[in-house]
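The structure appears below as structure tokens.
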There are 2 protein chains.
Amino acid sequence: MQLTTFTDYALRVLMFAGSAGEKLVTVEEVSRVYGVSRAHLVKVVHLLTKEGYLKGFRGRSGGFTLAKPPEEIRLGAIVRLTEPDFNMVECFSTGNKCMIIRSCLIPNAINEALTSFIATLNRYSLADIMLSEYNFMYPDPPTEGTRGPIFGATGVSRSPK
Amino acid sequence: MQLTTFTDYALRVLMFAGSAGEKLVTVEEVSRVYGVSRAHLVKVVHLLTKEGYLKGFRGRSGGFTLAKPPEEIRLGAIVRLTEPDFNMVECFSTGNKCMIIRSCLIPNAINEALTSFIATLNRYSLADIMLSEYNFMYPDPPTEGTRGPIFGATGVSRSPK
């Protein structure tokens, strides 16, 4: 079970823009900080602008910034916007061949779990995950470790707003 | 965001075996009911047997059955067993290039959402999703519809055991 790279980048672009406050940021800066290709990020920024999460400013010193207060941007809403589908099991798509599609109770349980997933993310706004400029100016040393998955983790260290 | 076909089939194999009670079921029967290939199902049955969820009986009238009471088989445990990874975002894997891997708060929120997802599934045992023999004998008519995803769905209609 994975989120798409597109969703991952969307969360990170918004976090970067939010952390910069009113300062305009550029795709090049985001690309450098996260070590991801500019081409991928351009598509992400395009969608987030179209959907009213970012606003862009053209010109030599152009860039983009959040289009609304970070407290109003819920993480679950971003994931729902950017994931291409939530077809967790075959019968969530059309054209499946299962003979018990109407009576089966598996989709109900999966739907409920998916709702919990999104609801948990929606408890957090972008404001809850923003970092200080310091974090981006003095990046973490390279690490071989990972950040998850850790089942039973207790979420971000600040209280949800 | 999707579960693998392997997980989907594992849940369905267990549901079919559980619904049959003490009667032995075969891969051929499962294949027919769900319209999925025998080859895929053999691998699923092999893992579920190895992990103590199914037990097989060889011979001309052989087949398999649940190896433990359905009340003791939790859906979240099955999903954790069968999903190859839960690398929801880049930094859940090794070798990522993000420069803020230690300070970033996104993985914490994602971990918490993933924990909610599994915990919700674990509220249900196999006994909660078992069907009657009738459902398998008189299958639902073909449908063009789907069963989800429906955010806000309230789960299976029976109370979790």
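The values are calculated or read from the model by the stated rules, or taken from the named source; none is laboratory data. Everything numeric in this text was worked out from a predicted model, so none of it was measured. Neighbour counts are summed over all protein chains in view; Cβ atoms, including those assigned to glycine, are modelled from backbone coordinates with ideal geometry. Note: accessible area is taken over every heavy atom of the protein model, side chains too, but ligands, DNA and RNA are not part of it. Shrake-Rupley method; radii C 1.70, N 1.55, O 1.52, S 1.80 Å.
General observations
- Matching residues in the range A:105-119 - criterion: being at the interface with chain B (Cβ under 7 Å from one of its Cβ atoms) and farther than 14 Å from B:Asn122 by Cα: A:Leu105, A:Pro107, A:Thr115, A:Ile118
- Some residue of the range A:52-67 being out of contact with any Cys (no Cβ under 8 Å at 6 or more places or on another chain) and touching a residue at least 60 places away in the same chain (Cβ under 8 Å): yes
- Residue in the range B:26-37 that is within 14 Å of chain A (Cβ to nearest Cβ), part of a loop (DSSP other than H, G, I, E, B) and loosely packed, with under 14 Cβ neighbours inside 10 Å present: yes
- Residue list for the range B:4-25, restricted to those being among the hydrophobic types (A, V, I, L, M, F, W, C) and part of a loop (DSSP other than H, G, I, E, B): B:Ala20, B:Leu24
- Single residue of the range B:47-86 satisfying the filter (open to solvent by 30 Å² or more (accessible area, probe 1.4 Å) and of a type in the set (Asp, Glu)) that is farthest from B:Asp128 (Cα to Cα): B:Asp85
- Residue that is farthest from the other protein chains (Cβ to nearest Cβ) [pool: residues in the range A:87-100 that are in contact with a helix residue (DSSP H, G or I) (Cβ under 6 Å, 6 or more places away or on another chain) and open to solvent by 10 Å² or more (accessible area, probe 1.4 Å)]: A:Asn96
- Filter result (modelled with pLDDT of 70 or more and either more than 7 Å from chain B (Cβ to nearest Cβ) or outside any loop (DSSP other than H, G, I, E, B) (or both)) within the range A:126-161: A:Leu126, A:Ala127, A:Asp128, A:Ile129, A:Met130, A:Ser132, A:Glu133, A:Tyr134, A:Asn135, A:Phe136, A:Met137, A:Tyr138
- A Cβ distance below 7 Å, combined with a sequence gap of six or more or placement on separate chains, defines the contacts here; from the range B:1-13, residues that are more than 14 Å from B:Arg74 (Cα to Cα) and facing chain A (nearest Cβ under 7 Å) reach no residue that is in a loop (DSSP other than H, G, I, E, B) and hydroxyl-bearing (Ser, Thr, Tyr).
- Test result for B:Leu81, away from chain A (no Cβ under 11 Å) and touching an Asp or Glu at 6+ places or on another chain (Cβ under 8 Å): yes
- Residues in the range B:101-117 that are open to solvent by less than 10 Å² (accessible area, probe 1.4 Å) and closer than 24 Å to B:Arg12 by Cα: B:Leu114, B:Phe117.
- Unique match (being under 22 Å from B:Thr82 (Cα atoms) and assigned to a helix (DSSP H, G or I)) among A:Ile110, A:Ile78: A:Ile110
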